[in-house]
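Here is the structure we will look at.
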Amino acid sequence: MNDPRPHAPGATMPSGDPLHAMGVVAASGSFGNPYVPALPGQDNFTGRALHVADYRDPKHYAGQRVVVVGAGNSAVQVGYELAEVAAVTLATRQPITFMPQLIGGKDVHYWHTTTGFDDLPPHWLARIASGTIVMDTGDYASALESCRMERRPMFTAFDGDQIVWADGTHEPVDTVIYATGYRPNLDYLRPLGAFDDSALPLHVGGISTTHLGLAYVGLEFQRSFASNTLRGVNRDAEHIDTPIAAYAGGALAAYGL
């Protein structure tokens, strides 16, 4: 008997053999695909350019002129560490916003959990939050104020061994480190047409809107502020469990199983 409904995608094994499934959950998270913005001249940049995912040790950058791109926690923390051995500038589109790591003697993540902030849905987050907030231990903001590292508006292009700042000035740079975040690691679903024009999955609360039996867990803001963290992913997994099971059960029934 043929099931008239669209099937969830299966998979292809390394051998090339197909692996059929009644349901597929894409749980590869949102931190496995480093994102690097496209800038004019970057392919011909003669210095070193890397994503922060590949950064390991400040000693490799001793004495260098380093520009860190980004205004989030990773950018500020790496810039602060590098400032011990290198001349560092944080290149950002907006001024950096700091929040104390400790509030009332407790870590901010404690308050995220106890106040219910972790559970806020995406449409509420859009109302109350704009831009990126950096958790400050007390060291990072003072490092900027004391000029241990500096912040400048994002540069506009590369030019050989130089970058072109927003005011048109050129400056030789040894290394550019992109702390520009990640995108979902879902290229294996690209042939299905399951993404929007920005290569992000089309879904509602983790349930695919393009393929029955396909679901996601671990996406940023999938259902809440904590969706792509260990604190929140379990709740999203429980949310998709019932519809996936229902679809699989219906498919089995259609085959008389």
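Can you list residue pairs whose Cβ atoms sit under 6 Å apart, with the first residue in the stretch 153-170 being more than 17 Å from Arg48 (Cα to Cα) and assigned to a loop (DSSP other than H, G, I, E, B) and the second being aromatic (Phe, Trp, Tyr) and modelled with pLDDT of 95 or more? Count only pairs 6 or more apart in sequence or on different chains. Sorted first by the residue in the stretch 153-170, then by its partner, the pairs are Trp165/Phe155. Considering the stretch 199-226, and only residues there that are assigned to a loop (DSSP other than H, G, I, E, B) and without any contact (Cβ under 8 Å) to a residue 12 or more places away in the chain, the residue that is nearest to Leu189 (Cα to Cα) turns out to be Leu202. Evaluation of Leu230 against the conditions (1) touching a residue at least 12 places away in the same chain (Cβ under 8 Å); (2) in a loop (DSSP other than H, G, I, E, B) shows that the sole unmet condition is (1).
In the stretch 183-227, the residue that is most open to solvent (accessible area, probe 1.4 Å) out of those that are aromatic (Phe, Trp, Tyr) and more than 15 Å from Val25 (Cβ to Cβ) is Phe221. Scanning the stretch 75-96 for residues that are open to solvent by 50 Å² or more (accessible area, probe 1.4 Å) and modelled with pLDDT under 95 gives Arg93, Gln94, Pro95. Glu150 falls short on exactly one of the conditions (1) under 22 Å from the mean Cα position of the chain (by Cα); (2) open to solvent by 70 Å² or more (accessible area, probe 1.4 Å); (3) not basic (Lys, Arg), and that condition is (1).
Taking the criterion of being open to solvent by 50 Å² or more (accessible area, probe 1.4 Å) and without any contact (Cβ under 8 Å) to a residue 60 or more places away in the chain, the residues of the stretch 110-124 that qualify are Tyr110, Trp111, Thr114, Thr115, His123, Trp124. Just so you know, in the stretch 125-143 the residues that are modelled with pLDDT under 90 and over 22 Å from the mean Cα position of the chain (by Cα) include one that is most open to solvent (accessible area, probe 1.4 Å), and it is Thr137.
The values are calculated or read from the model by the stated rules, or taken from the named source; none is laboratory data. Because the structure is predicted, anything quoted here is derived from the model rather than measured. Virtual Cβ from ideal backbone geometry, glycine too; neighbours counted across all protein chains shown. With ligands, DNA and RNA removed, areas are computed over all heavy atoms of the protein, side chains included. Shrake-Rupley method; radii C 1.70, N 1.55, O 1.52, S 1.80 Å.
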